[in-house]
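Everything below concerns the one structure shown next.
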Ligand SMILES: Cc1ncc(C[n+]2csc(CCOP(=O)(O)OP(=O)(O)O)c2C)c(N)n1
Ligand code: SF4
Ligand code: SF4
Ligand code: SF4
């Protein structure tokens with residue numbers, strides 16, 4: 001209509017921060033999923049406008065909660081994450097710390113923030129995380145159909161307080177801004193509302209402040225928005241707006257509870273977060289100091305830039321499974337790699353199987369969990385059977401036995417039988433069977449230099465007697481592999497699935 | 001019609017509108033109303049009376065829908 005008239009210019013229109021279409025819906029791809037008159041729609045719009053005004057669309061990351069606003073990521077064309085119930089502030093912390101230049105917004109309802117997520121919000125605020133929290137308080141659990149929230153007003157009827165909220169039974173409305181204002185760290189805490197035109201405009205200004213503080217690196221900001229939920233309240237949208245203005249504000253007074261944006265010192269996040277590569281130094285895991293200390297001066301060998309060893313060591317408790325993993329991780333570290341060592345603690349630690357995951361990588365490690373190993377050290381048969389199916393094709397399996405079970409040989413992974421326990425027995429103690437395997441692994445793959453292994457032994461083996469035995473075991477493991485490769489016709493070494 | 005009060009106009013996306021009526025309540029010169037007709041969702045969409053808009057933008061801000069309302073202003077030549 002009016003847009004056809006050339007003399008008219010748009011002064012307020014759909015924000016470019018919204019996606020052009022909302023793909024989750026088949027039709028009405030411009031509409032949100034919110035009920036008519038829902039405050040979430042208004043807050044989302046004000047947030048879009050603040051992002052646009054500050055020119056931060058490309059670096060904003062929105063953390064959407066569980067609750068009616070779970071689909072935040074469907075609407076705003078920014079970086080988006082949707083998190084488990086109440087965990088927004090924890091995830092926002094991680095995002096901000098790993099991407100200090102991003103502007104991280106944790107959007108949360110009152111069930112999300114003030115019930116299940118109480119711990120997360122209190123600690124994020126107390127740590128003074130440089131994030132912006134938008135806390136939409138509608139005094140109810142909207143998404144799940146109207147149960148009492150910690151913010152529910154006294155006397156308010158909900159599905160779980162059918163006779164009205166009684167403080168003797170249900171406690172008092174939780175005042176989040178007042179609570180957080182007892183903490184030292186927060187920079188900005190303000191309660192606003194959507195109860196009138198004026199209040200809505202003030203909400204827009206508060207949201208902008210909360211984002212602006214973060215743009216300036218000023219620490220934790222939270223805006224609590226008293227927001228109508230006409231559907232659950234059983235009011236029409238205009239009545240719900242009046243309820244916010246005239247009733248909710250009596251329990252939750254509007255106003256600023258903290259504003260230190262003028263005096264707060266910008267956080268230098270980029271500096272306070274160490275590079276992953278610095279961690280060994282920070283944790284004091286520098287060059288090893290061992291039995292004789294002699295190896296301290298050995299310079300780390302230069303790491304292979306493509307190295308990505310994903311190792312599972314498994315056996316029964318008592319076979320030195322975890323220690324073998326530790327040797328590998330320690331040696332990897334001293335060879336200049338990124339490493340992780342993840343022992344499996346659990347009921348199976350005694351008598352049952354025990355395992356650990358080790359990663360040795362040229363690049364920082366995303367997860368210490370090895371779900372697709374390319375190396376398996378199986379110290380007994382159950383361990384072999386358990387982890388063989390997860391192996392990457394072409395991976396290496398070292399198996400503690402004289403021969404490979406016939407039904408496993410065709411698995412696609414090359415299974416090398418090394419009778420490590422028997423070899424260790426001959427050396428004087430079955431306990432060093434794990435180190436025999438370590439020697440075999442190094443001989444078969446050359447994944448770590450001798451010098452790194454030396455340093456790892458020095459560091460982890462503090463008793464002279466064991467140290468000598470371990471060195472002998474290493475050599476015996478290497479020799480066992482050399483013997484096998486000298487006799488390639490050995491059927492148990494077969495890589496060819498047809499031979500299984 | 002008073003010149004100053006007629007400097008704006010609004011365009012309402014009648015299929016995006018959910019008929020909540022917040023804009024109708026909010027408009028200072030009260031130049032919006034809910035239509036007697038239904039849109040394809042079954043809501044009575046808001047509509048502009050056709051004159052008297054000041055382009056204040058209030059209806060835009062109270063509307064929960066991203067593009068429910070567009071506010072236009074007459075260009076002064
Ligand atoms: C771990 C977990 N517990 C419980 C739920 C169920 N649940 C979904 S939304 C919600 C409360 C939402 O209330 P609020 O945060 O106030 O958001 P609103 O829907 O009112 O905007 C609950 C308890 C869940 N999804 N996950
Ligand atoms: S139930 Fe309440 S909070 Fe949820 S969309 Fe509807 S009005 Fe909004
Ligand atoms: S811009 Fe202002 S005057 Fe025009 S319709 Fe909207 S609220 Fe009414
Ligand atoms: S506020 Fe928006 S959704 Fe509600 S009636 Fe007006 S145009 Fe429609």
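Coordinate-derived values only; no laboratory data. Here the structure is a predicted model, which is why all the values come from computation and not from measurement. Cβ atoms come from the backbone with ideal geometry, glycine included; neighbour counts cover every protein chain shown.
Just need the relative contact order of chain A here, percent rounded to a whole number, with Cα pairs under 8 Å and 6+ apart.
Numbers: 1022 pairs, mean separation 49.5, N = 500.
Once divided by the residue count of chain A, the mean separation gives 10 percent.
Just order B:25-35, B:55-65, A:218-228 by mean Cβ neighbour count inside 10 Å, highest at the front, would you?
Ranked by mean Cβ neighbours within 10 Å, highest first: A:218-228, B:55-65, B:25-35.
Quick check of the Kirkwood formula: for region A:287-486, what is the inverse mean of 1/r over all pairs of different Cα atoms, in Å?
Its Kirkwood hydrodynamic radius stands at 16.7 Å.
Below 8 Å, C-alpha to C-alpha, sequence gap of six or more: please give me the relative contact order for region A:16-259 in percent.
Working: 523 pairs, mean separation 47.1, N = 244.
Averaging sequence separation for qualifying contacts and normalising by length gives 19 percent for region A:16-259.
Tell me the Rg and the Dmax, in Å, that the Cα atoms of region A:382-480 produce.
14.3, 43
Quick one: A:313, A:66, fewest Cβ neighbours within 10 Å first, how do they rank?
Values: A:313 35, A:66 21.
Ranked by crowding around the Cβ, least crowded first: A:66, A:313.
Can you tell me the FRET efficiency between residue A:385 and residue A:268 if r is taken as the Cβ-Cβ distance and R0 is 56 Å, rounded to the nearest 0.05?
Approximately 0.60, to the nearest 0.05.
Pairing the Cα long axis of helix A:450-460 with the longest principal axis of chain A, what angle in degrees results, from 0 to 90 and rounded to the nearest 10?
That works out to roughly 70 degrees.
Can you tell me the order of A:333-340, A:261-268, A:423-430 when each peptide is scored by its average per-residue count of other Cβ atoms within 10 angstrom, highest first?
A:333-340, A:423-430, A:261-268
Can you give the % of DSSP beta bridges in the protein assembly as shown that are antiparallel, to the nearest 5? Could you put the intermediate results ahead of the total?
Numbers: 35 of 72 bridges.
Taking every DSSP beta bridge within the protein assembly as shown, about 50 percent pair in antiparallel fashion.
How big is chain A by Rg and Dmax over its Cα atoms, in Å?
Considering chain A through its Cα atoms, Rg and Dmax are 30.6, 97 Å.
How high is the relative contact order of region A:91-160, in percent, counting Cα pairs under 8 Å that sit 6 or more residues apart?
Reported as a whole number, the value is 31 percent.
Roughly speaking, what is the stretch gain from residue A:127 to residue A:445, that is 0.36 nm per residue apart minus the C-alpha to C-alpha distance, in nm to one decimal?
109.9 nm
Which percentage, to the nearest 5, of the DSSP beta bridges contained in region A:16-259 is antiparallel?
25 percent
On average, how many beta carbons from a partner chain sit within 10 Å of the beta carbon of a residue in A:233-242?
Going residue by residue through A:233-242 and averaging, the value is 3.
In nm², what is the average projected area of the convex hull enclosing the Cα atoms of region B:3-73?
Computed as one quarter of the Cα hull surface, the answer is 4.0 nm².
Need the C-alpha centroid separation for region A:67-97 versus region A:210-280, integer Å.
15 Å
As I understand it, the value is the acute angle between the Cα axis of helix A:39-54 and the longest principal axis of the Cα atoms of chain A; what does it come to in degrees, rounded to 10?
Between the helix axis and the principal axis of chain A, the angle is about 80 degrees.
Per residue of B:69-76, count partner chain C-beta atoms within 10 Å of its C-beta, then hand back the mean as an integer.
That works out to 6 on average.
Can you pull the three principal axis extents for the Cα set of region A:16-259, in Å, largest first?
49, 48, 33
Need one number: nm distance between label points at residue A:483 and residue A:259, each 7 Å from Cα along Cα→Cβ, rounded to one decimal.
8.1 nm
Per-residue Cβ counts within 10 Å, from other chains only, averaged over B:20-31: what number is that?
4
On a 0 to 90° scale, report how tilted helix A:88-98 is relative to the longest principal axis of chain A, with both axes built from alpha carbons and the result rounded to the nearest 10.
Between helix and principal axis, roughly 60 degrees.
Please rank A:58, A:236, B:13, A:470, fewest neighbouring Cβ atoms within 10 Å first, as an exposure proxy.
If I rank by nearby Cβ atoms, fewest first, I get A:58, A:236, B:13, A:470.
Once a ≥ b ≥ c are taken as the square roots of the eigenvalues of the Cα gyration tensor of region A:1-152, is the result rounded (a/c under 1.5), prolate (a/b larger than b/c) or oblate (a/b not larger than b/c)? Could the numbers behind the result be given before it?
Numbers: a/c = 2.23, a/b = 1.43, b/c = 1.56.
Oblate shape, in that a/c is at least 1.5 and b/c is the bigger or equal ratio.
For an R0 of 22 angstrom, estimate the FRET efficiency from the Cβ-Cβ distance between residue A:362 and residue A:97 and round to the nearest 0.05.
Taking R0 as 22 Å, the efficiency between residue A:362 and residue A:97 is 0.40.
So how much slack lies between residue A:275 and residue A:159, counting 0.36 nm per residue of separation and subtracting their Cα-Cα distance, in nm?
Taking residue A:275 through residue A:159 to full extension adds about 36.8 nm, to one decimal.
DSSP beta bridges in region A:287-486, what fraction antiparallel, as a percent rounded to 5?
Roughly 55 percent of the DSSP beta bridges within region A:287-486 come out antiparallel.
What is the order of A:365, A:282, A:415, fewest Cβ neighbours within 10 Å to most?
Starting with the residue having the fewest Cβ neighbours, the order is A:282, A:365, A:415.
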